[in-house]
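For reference, the structure is listed below as structure tokens.
The values are calculated or read from the model by the stated rules, or taken from the named source; none is laboratory data. None of the values given here were measured: they were computed from a predicted structure. Note that each Cβ is placed from the backbone with ideal geometry, even for glycine, and that neighbours are counted across all protein chains shown.
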Amino acid sequence: MRSYKDAVMDNARWQSFEPRAGDIFVCTPAKCGTTWTQTIVANLLWPQGEFPGPIVNGICPWIEAKFMAADEMHEMLRNQTHRRAMKSHTPADGIPWFDEAKYITVVRDGRDAFMSWCNHVQRMKMTELLNEQAVREGLPEIPTFDGVDYHAYFREWLDHNNFFDVVASYWARRGQPNLLFVHYNDLKSDLAGEMRRIADFLDIELEAEIWPSVIERCTFEGMRKADTQIGNFEMGFEGGIEGFLFKGTNGRWRDVLDADDLAAYRDKVAATLPEDAACWVESGAGALSPQDN
């Protein structure tokens, strides 16, 4: 695997991972619907909502994140007796690929991901601690955002966020039968349909009468109400789960980014993504051919 390491993540943590048939991996760039998809997967696995622990960093941990000691995380995964689900923010060439596992990659228009990232870094409580550790390890620090100069921070995001690397790496694998593409726009426009598509991909069947409650728990408001069932956000984010699940909307960049910013974005897309991948990132399912879908 190619090595990826920064202030938050280290994909070397995969080295002790012990796979099982049926493992599920939610693989996304940051701020593209990761927690949403983790919540969907958890509700499909436990359709009565009786989760055996918090979803984020509990029953669906982030493999590469340094928040939990690697030995502790792998021991936790070994002790799980249920079908397992895990999260990754690493490009596909930096994680192992198992034929008997299922991979779900989720993406969003990069400009929307950027706006959500701005909120994320402003509210994250661990930045100073993580940056101190990064300095000790000789790694770049997490760039902070002053909440004012979106234009400078957008160029920082374009240059250093791994959004484009993650998208390109999974797009290159799009013909593989154990990989499903999901788009944030489609989750917003047809949550029920996308959840059924994910369930079919994971070979999960639910009784018809239980679907409405399962879907309701996966709406934006349903997730906010779940609070500690999703994860302990009070510890890591100002505003708790409402600070983490902040807006859940698209298009806020239209009132923030200027013509030069948008030109820089188009240049970055053209330099890093094939044309069909660029259409997918911006448009969702309508840009996929049937065999990719």
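Out of the residues in the stretch 160-189 that are of a type in the set (A, V, I, L, M, F, W, C) and part of a helix (DSSP H, G or I), which is surrounded by the most Cβ atoms within 10 Å (Cβ to Cβ)? So that I can check it myself, show each step before the final result.
So in the stretch 160-189, the residues of a type in the set (A, V, I, L, M, F, W, C) come out as 163-164, 166-168, 171-172, 179-182, 187.
Among the residues that remain, those that are also part of a helix (DSSP H, G or I) are: 163-164, 166-168, 171, 187.
On the way: 163: 25, 164: 19, 166: 24, 167: 27, 168: 17, 171: 20, 187: 23.
Once the filter is applied, the top-ranked residue is 167.
Out of the residues in the stretch 133-142 that are among the hydrophobic types (A, V, I, L, M, F, W, C) and not in a loop (DSSP other than H, G, I, E, B), state the one that is surrounded by the fewest Cβ atoms within 10 Å (Cβ to Cβ).
Going residue by residue through the stretch 133-142, those that are among the hydrophobic types (A, V, I, L, M, F, W, C) are 134-135, 139, 142.
From what's left, not in a loop (DSSP other than H, G, I, E, B): 134-135.
Details: 134: 18, 135: 12.
Looking at residues that are among the hydrophobic types (A, V, I, L, M, F, W, C) and not in a loop (DSSP other than H, G, I, E, B), I get 135.
Do any helices (runs of 4 or more DSSP H) entirely within the stretch 190-291 hold 2 or more residues that are closer than 16 Å to residue 55 by Cα and modelled with pLDDT under 75, and if so, which? Don't jump to the end; show me each part of the working.
On the way: elements: 191-201, 211-217, 220-226, 233-236, 240-244, 259-272, 275-283.
The helices (runs of 4 or more DSSP H) meeting that bar are 233-236, 240-244.
Report yes if some residue within the stretch 143-159 is under 25 Å from residue 26 (Cβ atoms) and not in a loop (DSSP other than H, G, I, E, B); otherwise report no.
yes
Please verify whether residue 7 is out of contact with any His (no Cβ under 9 Å at 6 or more places or on another chain) and in a loop (DSSP other than H, G, I, E, B), treating the condition exactly as stated. Write out each step before concluding.
Details: out of contact with any His (no Cβ under 9 Å at 6 or more places or on another chain): yes; in a loop (DSSP other than H, G, I, E, B): yes.
Considered against the rule, which asks whether it is out of contact with any His (no Cβ under 9 Å at 6 or more places or on another chain) and in a loop (DSSP other than H, G, I, E, B), residue 7 comes out as yes.
Please verify whether residue 94 is within 21 Å of residue 13 (Cα to Cα), in contact (Cβ under 8 Å) with a residue 40 or more places away in the chain, crowded, with 16+ Cβ neighbours inside 10 Å and not hydroxyl-bearing (Ser, Thr, Tyr), treating the condition exactly as stated. Write out each step before concluding.
Numbers: within 21 Å of residue 13 (Cα to Cα): yes; in contact (Cβ under 8 Å) with a residue 40 or more places away in the chain: yes; crowded, with 16+ Cβ neighbours inside 10 Å: yes; not hydroxyl-bearing (Ser, Thr, Tyr): yes.
Yes: the conditions hold for residue 94.
Which of the strands (runs of 3 or more DSSP E) found entirely inside the stretch 15-116 contain at least 3 residues meeting this: of a type in the set (Val, Ile, Thr) and either modelled with pLDDT of 95 or more or within 12 Å of the chain's Cα centre (by Cα) (or both)?
Details: elements: 24-27, 85-88, 102-107.
Hits in the stretch 15-116: 102-107.
Touching a residue at least 24 places away in the same chain (Cβ under 8 Å), surrounded by fewer than 19 Cβ atoms within 10 Å (Cβ to Cβ) and not β-branched (Val, Ile, Thr), is that true of residue 129? Before the answer, list the steps.
Details: touching a residue at least 24 places away in the same chain (Cβ under 8 Å): no; surrounded by fewer than 19 Cβ atoms within 10 Å (Cβ to Cβ): yes; not β-branched (Val, Ile, Thr): yes.
No.
Return the pairs, sorted by first residue and then second, in which the second residue is crowded, with 16+ Cβ neighbours inside 10 Å and not β-branched (Val, Ile, Thr), the first residue lies in the stretch 250-263 and is within 15 Å of residue 282 (Cβ to Cβ), the beta carbons are less than 6 Å apart, and the residues are 6+ apart or on different chains.
250/112; 253/111; 253/115
One line per residue, one yes/no per condition, for (1) among the acidic types (Asp, Glu); (2) touching a residue at least 24 places away in the same chain (Cβ under 8 Å); (3) over 30 Å from residue 259 (Cα atoms):
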{"site": "79", "(1), (2), (3)": "no, no, yes"}
{"site": "88", "(1), (2), (3)": "no, yes, yes"}
{"site": "104", "(1), (2), (3)": "no, yes, yes"}
{"site": "108", "(1), (2), (3)": "no, yes, no"}
{"site": "134", "(1), (2), (3)": "no, yes, yes"}
{"site": "144", "(1), (2), (3)": "no, no, no"}
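Restricting to the stretch 166-205, give me the number of residues that are under 16 Å from the mean Cα position of the chain (by Cα) and polar (S, T, N, Q).
Number satisfying all stated conditions: 2.
Given the structure, is residue 153 in contact (Cβ under 8 Å) with a residue 60 or more places away in the chain and of a type in the set (Phe, Trp, Tyr)? If you could, list the steps in order and put the result at the bottom.
Working: in contact (Cβ under 8 Å) with a residue 60 or more places away in the chain: no; of a type in the set (Phe, Trp, Tyr): yes.
Spelling it out, it is not the case that residue 153 is in contact (Cβ under 8 Å) with a residue 60 or more places away in the chain and of a type in the set (Phe, Trp, Tyr).
Out of 155, 196, 173, report the one residue that is of a type outside the set (Val, Ile, Thr) and within 24 Å of residue 46 (Cβ to Cβ). Spell out the reasoning first.
On the way: 155 fails: within 24 Å of residue 46 (Cβ to Cβ); 173 fails: within 24 Å of residue 46 (Cβ to Cβ).
The unique qualifying residue is 196.
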